[in-house]
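Undergrad: One structure follows; several queries about it will come next.
The values are calculated or read from the model by the stated rules, or taken from the named source; none is laboratory data. Note that this is a predicted model, so its numbers are computed, not measured. We place every Cβ from the backbone using ideal geometry, glycine too, and count neighbours over all the protein chains shown. For the accessible areas, the whole protein counts, side chains as well, though only heavy atoms, and no ligand, DNA or RNA atoms are used. Shrake-Rupley method; radii C 1.70, N 1.55, O 1.52, S 1.80 Å.
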Amino acid sequence: MNEAAERLQALVDASRRIVFFGGAGVSTESGIPDFRSTDGLYHQQYKYPPEQMLSHTMYETHTEEFYQFYREKMLYPNARPNAAHRKLAELEQAGKLSAVVTQNIDGLHQAAGSRTVYELHGSVLRNYCLRCHKEYGLEAIQNSSGVPRCSCGGVIKPDVVLYEESLDQATLEGAVRAISKADMLLVAGTSLAVYPASGLINYYSGNRLVVINRSSTPMDSRADLVITGSVGEVLEQIRA
């Protein structure tokens, strides 16, 4: 274990209410591309930029194009939890970690065994009919073509927060409550560039703020420990 990992281990050992705040960099190690890295969606060519393709306006005005992009670029049914997901579930089971707050929509934290997960931007695994509110799984979108329809004829919409849409209030309140009560906040795999989600970090007032990321973040200067590298490689060194 290197010096940074040893310092992280000491902070984990001293904590009882760790909260993990994660972004796309946690899921890239499971083969799900992010938006902003070299191979991310912002560096690929589409008729419209990803922010526009995944906006409420696009959903309303170019619905079929929205679903084509969504199926091609947002659904990864074969993705599996990686070392980071598994270690966080292990920390929760050991009574060390109280919650995961994630910007990801892939459901991999729950697949790894995490139970208290606040999905700020929703989940691709949940879909519902706008007319009758019948619930559908991932396959309802994945196996359809054009605009997916419910048996009642209504449009099936992903339970995902699109650009221009508000975060779910109950999820937001739960995340704020968990972060404000945390005795350690572990921020990983996020550029902290997406608001309002990244603003939740400000609810943490403790002295064990750790940032693990491949590049610098606006929170580095406030952190008690900054580790540059792979989230999975760092966390798998930690004992629960």
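Undergrad: Give the total of Lys-Lys pairs in the chain with Cα-Cα distances below 23 Å; include a pair only if its members are 8 or more places apart or on different chains.
TA: 7
Undergrad: Under the rule of at least 5 residues apart or a separate chain, name every residue whose amide H is placed under 5 Å from the amide H of Asn127.
TA: It is Tyr136, Asp159, by chain and number.
Undergrad: In percent, what relative contact order does the chain have, based on Cα pairs under 8 Å that are 6 or more apart in sequence?
TA: Contact order relative to length: 25 percent.
Undergrad: In the chain, what percent of the accessible surface is made up of carbon and sulfur (1.4 Å probe, ligands and nucleic acids excluded)? Intermediate values should be presented prior to the final figure.
TA: On the way: 5270 of 11460 Å².
It is 46 percent, rounded to a whole number.
Undergrad: Using a 10 Å cut-off on Cβ atoms, rank the peptides 6-14, 26-34 from the highest mean neighbour count down. Could the numbers behind the result be given before it?
TA: Numbers: 6-14: 15.0, 26-34: 19.9.
Averaged packing, sorted descending, gives the order 26-34, 6-14.
Undergrad: Could I ask something else about it? Would you work out which of Leu209, Val194, Thr61 lies farthest towards the positive end of the dipole of the chain? Charges go on Cβ: Lys and Arg +1, Asp and Glu -1.
TA: The residue sitting most towards the positive pole is Leu209.
Undergrad: Mind running the shape call on the range 143-207? Use the C-alpha gyration tensor, a ≥ b ≥ c as the square roots of the eigenvalues: rounded below 1.5 for a/c, prolate if a/b tops b/c, oblate otherwise.
TA: Details: a/c = 3.36, a/b = 2.61, b/c = 1.29.
Because a/c hits 1.5 or more and a/b exceeds b/c, the range 143-207 counts as prolate.
Undergrad: Another question, then. Whole-Hz ³J(HN,Hα) for each residue in the range 94-110, computed from phi via Karplus 6.51 cos²θ - 1.76 cosθ + 1.60 with θ = phi - 60°, x for glycine and proline: what do you get?
TA: 7, x, 9, 10, 9, 6, 10, 10, 10, 8, 7, 10, 9, x, 6, 5, 5
Undergrad: Please get the size of the charge dipole for the range 56-199, origin at its Cα centre, with Cβ charges of +1 on Lys and Arg and -1 on Asp and Glu, quoted in debye to the nearest 20. Write down the numbers at each step before the final one.
TA: On the way: 14 positive and 16 negative charges, 84 e Å.
The dipole magnitude comes to about 400 debye.
Undergrad: What ranking, highest mean first, results for peptides 50-56, 102-108 when packing means the other Cβ atoms within 10 Å averaged over each residue? Numbers along the way, then the final one.
TA: Details: 50-56: 18.0, 102-108: 24.1.
Peptide ranking by packing, descending: 102-108, 50-56.
Undergrad: If you take the square roots of the eigenvalues of the alpha-carbon gyration tensor of the chain and sort them as a ≥ b ≥ c, do you get rounded (a/c under 1.5), prolate (a/b over b/c) or oblate? Numbers along the way, then the final one.
TA: Values: a/c = 2.01, a/b = 1.80, b/c = 1.12.
Taking the square roots of the gyration eigenvalues as a ≥ b ≥ c, the chain is prolate.
Undergrad: Taking the 0 to 90 degree range and rounding to the nearest ten, how far is the long axis of helix 63-74 tilted relative to the main principal axis of the chain, both from C-alpha atoms?
TA: Approximately 30 degrees, to the nearest 10.
Undergrad: Placing unit charges on C-beta atoms (Lys and Arg positive, Asp and Glu negative, everything else neutral), compute the dipole magnitude of the chain about its Cα centre in debye, rounded to 20.
TA: Numbers: 23 positive and 27 negative charges, 94 e Å.
Rounded to the nearest 20 debye, it is 460 debye.
Undergrad: With a point put 7 Å past each Cα toward its Cβ, work out how far Cys132 is from Ala111 in nm, to one decimal.
TA: Each label point is offset 7 Å from its Cα along the Cβ direction, giving 3.0 nm.
Undergrad: Please sort 168-180, 77-89, 138-150, 202-214 by packing, taking for each peptide the average over its residues of neighbouring beta carbons within 10 angstrom, highest first. Kindly include the intermediate steps, with their values, before the conclusion.
TA: Working: 168-180: 16.2, 77-89: 20.2, 138-150: 14.5, 202-214: 18.3.
Result, highest mean Cβ count within 10 Å first: 77-89, 202-214, 168-180, 138-150.
Undergrad: Still on this structure: Using only helices, what value at 222 nm comes out for the chain when you add -39,500 (n - 2.57) per DSSP H run of length 4 or more and divide by the total residues, to the nearest 500 deg cm²/dmol?
TA: Values: 10 runs with 76 residues, N = 240.
Counting only the DSSP helices, I get -8500 deg cm²/dmol.
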